[in-house]
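S.K.: To start, I am sharing the structure in question, which I have written as C-alpha cells.
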Amino acid sequence: MLRTLAAAIGQQAGKEISLSGWVQARRDHGKIIFIDLRDASGLAQCVFTGGLGEELRPEWVVQVSGEVARRPENMVNKNLESGQWEVKCKDLKILSKAETPPLPLDTPGYDIDEEIRLKYRYLDLRRPRLQKNLRVRHKIIKFIRDYLDQRGFVEVETPILSKSTPEGARDYLVPARLHPGKFYALPQSPQQYKQLLMVAGLEKYYQIARCFRDEDTRGDRQPEFTQLDLEMSFVEKNDVMNLIEALYTELVKVLFPDKKIWQEPFPRFTHKEITEKYGSDKPDLRQDKNNPDELAFAWVTDFPFFEEIKEKVMPALRSSEGTKKWTFTHNPFSAPQGEHSTSALTQQYDLVLNGYEIGGGSIRAHQPEVLRQTLKTIGLDDKTIAENFGHMLEAFSFGAPPHGGIAMGLDRLAAILQNEPNIREVIAFPKTGDGRDPMMKAPGEVTKEQLNELWLDIKPSKKNKPS
C-alpha cells in the first residue's frame, strides 16, 4: 500500500491508507487511544481500539494503516489541514523506538539554552517553526534562481579551495598535504573568481555561494554563511541596483504578501547623508520599529574608498615597510568614482533593511593600472601585489569588460522575513557565537599521524595564541 501524507488524508475519505511518521502526542481515553502522527506535511489524528497502540510513546517512529473517516463534529480541529478527518487504525508497525528527548520539542524553543539546542540540533529541527524556516529558505533561494535564470544569468560554482589573499578578514587555512608547507584558503567570497568569469566573457553570473571568514566572536555571526553572489558585464551601478531591487520587491510580494515594503522605489542615500542624519550607515528606517511586517529597504552609495587604520593590522595586510596607514573600506577591487584612481569615493553600494546591512557590491576596477594604484595606496609594495594579485592584473591585461556586481546575505534576509531574532534560527546546523559545533564537537583535535602527513606540529603552550 502506498504511503499517504498526513496533511492529505482528507483526499482519501472512506479508503484504506498507510501513514508513516513520528508520534507527536498520545492521549489515552481508556478503551480508545488517540495519537497525533507527524510527518513532513503536518499532523494526522490516528485512533486505536482493542489494546492496539497502548505501548506507543512520543517520538516513536511508526507505520499505521486504516480507514479514513470524518471526525465527530465536536472533535474537528480547524487549526489543522487534516482537522476534519482521522484514521481508524487496524494495523500498527513500530519502526523505531525513541528515548525521552533531552529537551522539550512542543514549544517554539526560544527559552531553551542554545548550547543544548545545538548539541541536539537534529531534535531541535523537529519543531514546526524551524521546519517552516528551512522550507521558506528553500522557497527564497528557488525564487532567486528562477528569477535570474529567466533573465539570462548562468549559475557557476567556483572553487572552495583557493589562495589566501588580503581581502579584509582572516582566511580559514587548509594545509596542502601534497605540497608541504603550503596552504589553500577557504573563500571569504567568490570575489576574484566572479570577476575572472567576466574576463572570460560570461557576462551574467550568479551563485548561491558558501563563504568562510575567520572573524572574532560575535553573537550573530557565523564562520560560514550563504550569499547570493552576482556579477554583470557592461553595466553601471544603477543597473545592478535596479536588478536587485526588482528581484527583492517581487520576492516579497510573491512569497511574503503580508509584508509591507516601506517605500518603493527604495530610497537612496549617500554615505555622508545617511551617517549625518541617522548616525549609522545601516539605520532602521521603519516608521514603527515594533512592526515586524514592515520592510524598510534603502540603498547607501558614495562610500569613502579608504579609511585610516586604527587597529592592529593582520600580517597579510602589511607591506614590507611595516604597517600601512590606510585600508580599503570594503575590498580593493572596487572602482573609484570618476577617472582618478585615487578618488576619495568609490562606486560601492550597500542595501540595508530594518537596521541591517543585507548586501553590498560595487562597480569594479577592470583596468590593471587602476587596481594596482589602489593596492599601492593601501601600502602594498610591488612584490606583495605580484604575489597576491598578479593573476588578476594579468587577467585584466587581456581585455576585461567594465563590470560590477553584488553579494547579498541570504541568512540575514531569511531571518528578517521570518521574524527571527538571529540567523541561527534559519540555518540548519549553525555554530555558536564563538564558532563551535556542540553536536559534532567541532573544532576538534586530530591525531599526531594526521599532523605528520601535513608536515605540521602543534605548539604545546597557549601563551603564543594570537589575539
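S.K.: Can you give the relative contact order of the stretch 155-235 as a percent, counting alpha carbon pairs under 8 Å and 6+ residues apart?
M.R.: Value for the stretch 155-235: 29 percent.
S.K.: For the chain, what is the charge dipole size about the Cα centre, in debye to the nearest 20, if Lys and Arg each add +1 at the Cβ and Asp and Glu each add -1 at the Cβ? Can you show the working numbers first?
M.R.: On the way: 66 positive and 68 negative charges, 222 e Å.
Dipole magnitude for the chain comes out near 1060 debye.
S.K.: Report Rg (one decimal) and Dmax (nearest whole number) for the stretch 153-309, counting Cα atoms only, units Å.
M.R.: Gyration radius and largest Cα-Cα distance of the stretch 153-309: 18.9, 58 Å.
S.K.: Please work out how much accessible surface R221 shows to a 1.4 Å probe, ignoring ligands, DNA and RNA, in Å² rounded to 10.
M.R.: Using a 1.4 Å probe on the heavy atoms, I get roughly 50 Å².
S.K.: Next up: What value, in deg cm²/dmol to 500, does the helix sum -39500 (n - 2.57) over DSSP H runs of n ≥ 4 give at 222 nm once divided by the residues of the chain?
M.R.: Computed ellipticity for the chain at 222 nm equals -7000 deg cm²/dmol.
S.K.: Looking only at Cα atoms, what is the convex hull volume of the stretch 36-142 per residue, in Å³?
M.R.: Cα convex hull per residue, to the nearest whole number: 147 Å³.
S.K.: Ok, one more. Which pairs break 18 Å Cα to Cα here: K163/K194; K139/K259; K237/K259?
M.R.: As for pairs spanning more than 18 Å Cα to Cα, those are K237/K259.
S.K.: Now, a different point. Show me, bin by bin at 5 Å from 0, the whole-percent P(r) of the stretch 1-98 based on Cα pairs.
M.R.: Computed distribution, short to long bins: 3, 15, 28, 28, 19, 7, 1.
S.K.: Further question: Pull out the extension gain between T217 and E54, defined as 0.36 nm times the separation in residues minus the alpha carbon to alpha carbon distance; nm, one decimal.
M.R.: 53.7 nm
S.K.: Sticking with this structure for a sec: Where does each of K88, K194, K459 land when they are ordered by accessible area, with a 1.4 Å probe and the largest first?
M.R.: K459, K88, K194
S.K.: Would you mind telling me the share, in percent, of accessible area of the chain contributed by carbon and sulfur at probe 1.4 angstrom?
M.R.: 51 percent
S.K.: Skip the ligands, DNA and RNA, and give the accessible area per residue of the chain with a 1.4 Å probe, whole Å².
M.R.: 53 Å²
S.K.: On the Cα set of the stretch 1-47, report Rg and Dmax in Å, please.
M.R.: 11.0, 31
S.K.: Can you give me the distance in nm between label points at Q63 and E273, each placed 7 Å from the Cα along the Cα-to-Cβ direction?
M.R.: It works out to 6.4 nm between the two label points.
S.K.: How much length is gained if the chain between E114 and V154 is pulled fully straight, taking 0.36 nm per residue apart and subtracting their Cα-Cα distance, in nm to one decimal?
M.R.: So the extension gain works out to 10.5 nm.
S.K.: Please work out the ratio of the alpha-carbon Rg of the stretch 80-158 to 2.2 N^0.38 Å and round it to two decimals.
M.R.: After normalising by residue count via 2.2 N^0.38 Å, the value is 1.67.
S.K.: Still on this structure: Just check the stretch 367-450 against the gyration tensor rule for me: Cα atoms, a ≥ b ≥ c as the square roots of the eigenvalues, rounded for a/c under 1.5, and otherwise prolate or oblate depending on whether a/b exceeds b/c.
M.R.: oblate
S.K.: Projecting each Cα onto the charge dipole of the chain (Lys/Arg +1, Asp/Glu -1 at the beta carbon, about the Cα centre), which of L186, S96, T447 comes out farthest on the positive side?
M.R.: The one lying farthest along the dipole's positive direction is S96.
S.K.: Under 19 Å Cα to Cα from K459, which lysines show up? Leave out anything in the same chain fewer than 8 places away.
M.R.: Candidates past the 8-residue exclusion: K182, K448.
S.K.: Okay, moving on. Which is farthest toward the positive dipole end of the chain among N242, A69, G361, measuring Cα position about the Cα centre, with Cβ charges +1 (Lys, Arg) and -1 (Asp, Glu)?
M.R.: A69
S.K.: With the radius of gyration and the Kirkwood radius both derived from the Cα set of the chain, what is their ratio Rg to Rh?
M.R.: Rounded to two decimals, Rg/Rh equals 1.05.
S.K.: List the relative contact order of the stretch 1-79 as a percent without decimals, with contacts defined as Cα pairs under 8 Å and 6+ residues apart.
M.R.: The normalised contact order for the stretch 1-79 reaches 35 percent.
S.K.: Can you give the % of DSSP beta bridges in the chain that are antiparallel, to the nearest 5?
M.R.: 85 percent
S.K.: Just to verify a number: FRET efficiency for E264 and E453, C-beta to C-beta distance, R0 = 51 Å, to 0.05?
M.R.: It comes out at approximately 0.35.
S.K.: Starting with the highest mean, order 379-385, 36-42 by the number of other Cβ atoms within 10 Å, averaged over the residues of each peptide.
M.R.: Numbers: 379-385: 16.7, 36-42: 18.4.
Answer by packing, highest mean first, reads 36-42, 379-385.
S.K.: Now for a separate question. Just to be sure I follow the rule: in the stretch 1-101, considering lysines 8 or more places apart or on different chains, how many pairs have Cα atoms under 17 Å apart?
M.R.: Summing the qualifying lysine pairs gives 4.
S.K.: Using +1 at the C-beta of Lys and Arg and -1 at the C-beta of Asp and Glu, which of I160, Q227, V47 has the Cα lying farthest in the positive direction of the dipole of the chain?
M.R.: Final value for the positive-end residue is V47.
S.K.: Now a separate question. Could you work out the local net charge near V154, counting Lys and Arg as +1, Asp and Glu as -1, over the other residues with Cβ closer than 9 Å to its Cβ?
M.R.: Here the charged neighbours net out to -2.
S.K.: If you don't mind, another one. For K31 and D284, FRET efficiency with R0 = 45 Å and r from the beta-carbon atoms, rounded to 0.05?
M.R.: 0.20
S.K.: Using Cα-Cα distances under 8 Å and only pairs 6 or more residues apart, what relative contact order does the stretch 352-462 have, in percent? Before the final figure, lay out the partial values.
M.R.: Working: 72 pairs, mean separation 27.0, N = 111.
Over the stretch 352-462, the number comes to 24 percent.
S.K.: Over 17 Å, how big is the tail of the calculated P(r) for the stretch 91-132, in percent of all Cα pairs?
M.R.: Working: 305 of 861 pairs.
Tail of the P(r) past 17 Å holds 35 percent of the pairs.
S.K.: With the crude spin-label approximation of a point 7 Å out along Cα→Cβ, what separation in nm comes out for K383 versus M440?
M.R.: Going by the 7 Å Cα→Cβ label model, 3.9 nm.
S.K.: Could I ask something else about it? For the chain, which DSSP H helices look membrane-span-like by this rule: Cα extent along the axis of 30 Å or more and mean Kyte-Doolittle of at least -1.0?
M.R.: TM-like helix candidates: 128-149.
S.K.: Using the Kirkwood radius over C-alpha pairs as Rh, can you work out the diffusion coefficient of the stretch 110-236 via Stokes-Einstein at 20 °C, viscosity 1.002 mPa s, in µm² per second?
M.R.: Details: Rh = 17.4 Å.
Answer, rounded: 123 µm²/s.
The values are calculated or read from the model by the stated rules, or taken from the named source; none is laboratory data. Treat the numbers as computed from the prediction; the structure is a model and nothing was measured. Quick reminder, even Gly has a Cβ in these numbers, built from the backbone with ideal geometry, and neighbours come from all protein chains shown. SASA here: full protein model, heavy atoms, side chains in, ligands and nucleic acids out. Shrake-Rupley method; radii C 1.70, N 1.55, O 1.52, S 1.80 Å.
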